[in-house]
Amino acid sequence: MTTSLAAPPAPPTPAPPASAAPATSVPPTPRPPAAARSRFAILEAALPFIFLLLVALVAAGFMALFLSGS
């Protein structure tokens, strides 16, 4: 009876070299994407002025309609 011998075990692989950067347990969070600006964006501070202009135009329209004398 013959016994077969298994191949000798391979030598252990060396560990990768340590990096110079300190090890952190939490990876840095990615920066959120920049908000895309709309082509027709209206600044928030301009909204009251736009509203007042709209009210003035509507008032002028009603005045022209009722004071035209027809």
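The values are calculated or read from the model by the stated rules, or taken from the named source; none is laboratory data. As the structure is a prediction and not an experimental result, all values here were calculated from the model. Here the Cβ positions follow ideal geometry from the backbone for every residue, glycine too, while neighbour counts run over all protein chains shown.
With the condition kept exactly as written, say whether any residue in segment 5-24 is surrounded by fewer than 10 Cβ atoms within 10 Å (Cβ to Cβ), modelled with pLDDT of 75 or more, within 28 Å of the chain's Cα centre (by Cα) and not aromatic (Phe, Trp, Tyr). No, segment 5-24 contains no residue that is surrounded by fewer than 10 Cβ atoms within 10 Å (Cβ to Cβ), modelled with pLDDT of 75 or more, within 28 Å of the chain's Cα centre (by Cα) and not aromatic (Phe, Trp, Tyr).
For segment 43-55, state whether one or more residues are among the hydrophobic types (A, V, I, L, M, F, W, C), assigned to a loop (DSSP other than H, G, I, E, B), out of contact with any Gly (no Cβ under 6 Å at 6 or more places or on another chain) and modelled with pLDDT of 80 or more. Scanning segment 43-55, I find at least one residue that is among the hydrophobic types (A, V, I, L, M, F, W, C), assigned to a loop (DSSP other than H, G, I, E, B), out of contact with any Gly (no Cβ under 6 Å at 6 or more places or on another chain) and modelled with pLDDT of 80 or more, so the answer is yes.
Here the condition is being in a helix (DSSP H, G or I) and either at pLDDT below 80 or surrounded by 10 or more Cβ atoms within 10 Å (Cβ to Cβ) (or both); of 35, 59, it holds for 59 alone.
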